[in-house]
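Single-structure report; data block below.
The values are calculated or read from the model by the stated rules, or taken from the named source; none is laboratory data. On a predicted model such as this, the values are computed, not experimentally measured, just so you know. Here the Cβ is made from the backbone with ideal geometry for all residues, glycine too, and neighbour counts use every protein chain on show. Just the protein is used for accessible areas: all its heavy atoms, side chains included, with ligands, DNA and RNA removed. Shrake-Rupley method; radii C 1.70, N 1.55, O 1.52, S 1.80 Å.
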Amino acid sequence: MRTDIEFRTSDGTRLNGWHHVPEGPGPFPTIVMATGFSGVKEGGHTPATAERFVEAGLAVLVYDHRNFGTSAGTPRQEIDPLLQMRDYSDAVTFAETLPQTDPERIGAWGSSLSGGHVIVLAGQDRRVRCIVSQMPMISGRDCGQRLVPAPALAAAAAFQRADRSARMAGEEPAMIPVAGPDPTAQAALPTPDSWEFVQAEGSLPTYRNEVTLRSMELVSGYEPGLLIERVSPTPMLMIVGETDLVCPPDLQLGAYARAREPKRLLTVRAGHFDVYKPGPAFDRVAGAAAEFFAEHLR
């Protein structure tokens with residue numbers, strides 16, 4: 001069973017999402033989850049992942065990040081990682097209010113940017129009893145430097161300075177595409193597989209292939225890897241794609257090595273977006289996540 005839900009964050013922003021509940025008597029262990037960098041909850045892998053969790057006897061609370069999809073918030077299409085991470089904690093609080101939720105058995109799932117969010121969340125909020133961090137963004141600075149050549153970063157700095165002045169004067173925020181067909185053109189994620197992903201998401205009425213320029217500044221200062229050692233004693237499953245171009249696997253593996261037990265690692269021969277579409281890679285990571293949650297929340 002899936003129902004529409006909405007809740008308010010601690011600063012009053014309305015977030016919209018879905019509540020999936022398995023058959024049978026509750027209350028159920030419950031997974032809180034949200035999408036990655038620019039995704040929306042209608043994206044192909046998000047409902048499919050939630051379905052795998054429900055099949056494993058888990059309830060799921062999935063929502064759109066503030067400023068994206070059907071959730072409220074302004075500026076639209078702006079990614080503020082710190083606010084998004086705090087919203088995860090508010091989503092846990094909301095989940096606790098639902099009669100179908102067992103408040104002592106709440107887990108959190110995140111992928112890409114939100115894979116970093118759940119690391120920070122677990123390091124700060126012990127209500128979360130286990131996490132799955134799928135291909136997480138470990139370091140905004142390091143990921144940005146890997147994705148964008150130095151000359152382009154220098155040009156972006158000048159663009160950002162002009163955008164700050166314009167926004168202070170009351171003008172609309174500057175926007176950049178998430179991805180495009182030309183990997184040398186300005187984009188948040190200038191990789192060929194990012195463009196393939198955006199084309200697929202573009203068929204969704206709630207998805208837009210753009211983010212504010214300021215999003216890149218905010219993401220570049222976000223360092224979830226600094227809290228990796230604080231996740232313990234909360235169990236963590238980290239899923240790493242061996243050919244990930246967006247979140248470099250060496251950064252993920254380095255963070256995993258610093259994490260303390262209990263922890264588990266799953267590496268898959270897949271790129272960043274291969275696990276977002278039907279196929280062996282998705283089946284493997286979704287199945288492993290469902291099994292991990294079931295093991296630690298039952």
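Things to note:
- Carbon/sulfur fraction of accessible area - the range 97-223, other protein chains in place, 1.4 Å, %: 56
- Computed log₁₀ I(q)/I(0) - Debye formula, equal Cα scatterers, no solvent, the range 57-199, q 0.09, 0.19 Å⁻¹: -0.36, -1.25
- Based on protein heavy atoms only, the chain ends up with 42 Å² per residue of surface accessible to a 1.4 Å probe.
- A crude spin-label estimate for the pair residue 2 and residue 230, with each label 7 Å from Cα along the Cβ direction, gives 3.4 nm.
- Remark: the residue 203-residue 72 segment gains 45.1 nm on full extension, using 0.36 nm per residue and subtracting the alpha carbon distance.
- On Cα atoms only, tilt of 81-97 relative to the major axis of the chain in degrees: 20
- Mean Cα-pair separation over length for the range 235-281, i.e. relative contact order, pairs under 8 Å, 6 or more apart, %: 49
- In a DSSP loop and with at most 12 other Cβ atoms within 10 Å, the GluC sites (Glu not before Pro) in the range 210-298 are 242.
- Binned Cα-Cα distance frequencies in the chain - 5 Å width, integer %: 1, 6, 13, 17, 20, 18, 13, 7, 3, 2, 0, 0
- Taking other residues whose beta carbon is less than 14 angstrom from the beta carbon of residue 178, and scoring Lys, Arg as +1 and Asp, Glu as -1, yields -4.
- The accessible surface of the range 1-95, taken with every protein chain in place and a 1.4 Å probe, is 50 percent carbon and sulfur.
- Seen through its C-alpha gyration tensor, with square-root eigenvalues sorted a ≥ b ≥ c, the range 140-298 comes out prolate because a/c lies at 1.5 or above while a/b is bigger than b/c.
- The range 150-213 shape via C-alpha gyration tensor axes, a/c threshold 1.5: oblate
- Of all DSSP beta bridges in the chain, antiparallel share, percent nearest 5: 35
- Mean separation of Cα contacts under 8 Å, 6 or more apart, over the residue count of the chain: relative contact order %: 20
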